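The values are calculated or read from the model by the stated rules, or taken from the named source; none is laboratory data. A quick note: this is a predicted structure, and the numbers were derived from the prediction, not measured. Cβ sites come from the backbone with ideal geometry, for glycine too, and all protein chains shown count toward neighbours. The accessibility values were calculated without ligands, DNA or RNA, using every heavy atom of the protein model including side chains. Shrake-Rupley method; radii C 1.70, N 1.55, O 1.52, S 1.80 Å.
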Amino acid sequence: MEAVLINLAKTAELLAVASHSSVVDQWDKQTLTRAFHWARYCENLFSRFQHNPTIRRIMEKQLQVTNESLGAVFPSYTDVSFSDLSRCQHLLLDGLLNNPVLPVSIIKILFDTVVPLNTKESEDQDVTGFCSQIIQCKSACKLLSPLTDLSSVGAEAEVQGVMLMERLGALLSQGSDACHTQRFLDSVVQGHEGQAEHLCLVITAALLITKNSQTASQDFLLDWLWGKHRLLQHMCSALPIIQLTNLAKKHQKFKDLYWDILKKWASYMEYNVTEGEWVQTSTNQTTVSYQKLIEHFRALFTASPSLREDVGKELHALKISDGDFDVRGLSVWGDLLSVLNS
């Protein structure tokens, strides 16, 4: 029993280190694997002794002593209770993802989708793809639950969006400099190379989170997105218009970004007299058809009274800058405004 109590205390210390210590910066895959091994060990302790009042009291007393010791070392430490042992792997994962010094190499291991998670119960159980397995499980739960509405971005992107915000929030709360936090977001883009559409869904999910505690993280993400013109262009061309409109309604910053993209698309158009239609002239930019552009503007125009007023004013100002003509084909802004008002 003495060995069990020592291992219990060491695992509680491990959870504290994972959440609060800069030592995590030196972790590699072997260290990560051992950490999850000890977390599973404590989950087994819970399963074995949860209905044994005598041993449970002894373990609870050991946890109390260990919590007091760790609380003196880490001011923001949260006590580990006996019932917490049942979800020790979750606590370890949550602590790691919220630790701002967690190396990108460890994050990539946890989210790897190339090498499947080895589910065989063994001491050297592979942790590769641990987060991906959680995402897959949640996706399956949402798909199979008739009482749960499917997320507009998909369960996988929704979970990754939440994790992205939690990680970003951890970096900001720890006072990490802006360059370090931007590098983290850049690493997210690199990790989704070749998966631009999925990355757009993850960012959308992150920005649509309604928790007030995520406001600062969302603002930082939007400021970072301002400098990622290619990614922003892809978002506006690949995402469903309803999602873009929801983002514009929720975030003034995104509305401004979205509006700038729409203006660029419109500015690349010229009127084809033969076809009697506005057509794209740019071959080096992401472009859309005139009819698709109308759909984008109409969605904003009808989304809310405030957006209707903003879009109307801005289109009218652009029409005036073109000469304020009411003849079709002379100003793309005038023709767009005419279509929307009709």
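Annotations
- Qualifying helices (runs of 4 or more DSSP H) (wholly inside segment 96-188; at least 2 residues being at pLDDT below 65 and farther than 25 Å from K211 by Cα): 130-144
- So L300, is it within 15 Å of V339 (Cβ to Cβ), open to solvent by less than 80 Å² (accessible area, probe 1.4 Å), aliphatic (A, V, I, L, M) and free of Cβ contacts under 8 Å to residues at least 40 places away in the same chain: no
- Residues that are open to solvent by 20 Å² or more (accessible area, probe 1.4 Å) and in contact (Cβ under 8 Å) with a residue 60 or more places away in the chain occur at least once in segment 327-335.
- Test result for A178, within 21 Å of L97 (Cβ to Cβ), more than 15 Å from the chain's Cα centre (by Cα) and exposed (fewer than 15 other Cβ atoms within 10 Å of the Cβ): yes
- Selection from segment 234-251 of residues that are in contact with a helix residue (DSSP H, G or I) (Cβ under 6 Å, 6 or more places away or on another chain) and surrounded by fewer than 17 Cβ atoms within 10 Å (Cβ to Cβ): H234, A238, I241, K249
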